[in-house]
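Undergrad: Below you'll find the structure I mean.
Only the coordinates and a few stated rules stand behind these numbers; no lab work does. The structure displayed is predicted, hence computed values, not measured ones.
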Amino acid sequence: MGLKKRNKVSAEFSMSSLTDIIFLLLIFFMLTSSIVSPNALNLKLPSSSSKTVAPPTISISIERGGKFYYGTKRSSLSEIKSKLRSEVRKASNPKDVTVTINAEKTAEIEHVVSIMDVALQLNIGAILATEPK
């Protein structure tokens, strides 16, 4: 009697497990991307032993060569002036508006002074950010 066993291997691939893995990866990257710091500029700040901490409302970064950043967006000095004026107008109390200046260690001091001068003209506080020793 010639009985043949049919042991065929199925060549199909189940896509349901792959979509589950992709969905989990999507959730993982969405959660971890919110942890990344919003100020993504890599600046080497000068160091200080002072422990003063103030709640900054506006972050201005200065790189070597006079490149200004308002938050993380590259801006010119005149654009920064106009943006700061609009922030002062929006604020209920202009004294509550503070500017944190993140100047790179090798940045020219004249650029830092120009931002501090703008803050003085608008009568707002300016804080020079440093790294702890």
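Undergrad: Give me the extension gain from residue 25 to residue 117: residue separation times 0.36 nm, minus the current Cα-Cα distance, reported in nm with one decimal.
TA: 28.4 nm
Undergrad: Over the stretch 47-132, with a single point scatterer placed on each C-alpha, what log10 of the ratio I(q)/I(0) does the Debye formula yield at q = 0.10, 0.23 1/Å?
TA: Each listed q corresponds, in turn, to -0.23, -1.18.
Undergrad: Enumerate the amide H contacts of residue 126 below 5 Å, restricted to partners 5 or more residues apart or on another chain; note that Pro and chain-start residues carry no placed amide H.
TA: Those lying under 5 Å, H to H, from residue 126 are 99.
Undergrad: Antiparallel as a % of all DSSP beta bridges within the stretch 47-132, to the nearest 5?
TA: Working: 7 of 18 bridges.
Counting DSSP beta bridges with both partners in the stretch 47-132, the antiparallel share is about 40 percent.
Undergrad: Something else: Return the aspartates and glutamates within reach of residue 81: Cα separation strictly under 12 angstrom, same-chain partners fewer than 8 residues apart disregarded; answer none if there are no such residues.
TA: 117
Undergrad: Contour minus end-to-end for residue 7 and residue 32, with contour as 0.36 nm per residue of separation and end-to-end as the Cα-Cα distance? Please report the intermediate quantities before stating the final value.
TA: Details: separation 25, 0.36 × 25 = 9.00 nm, distance 4.66 nm.
Value of the extension gain: 4.3 nm.
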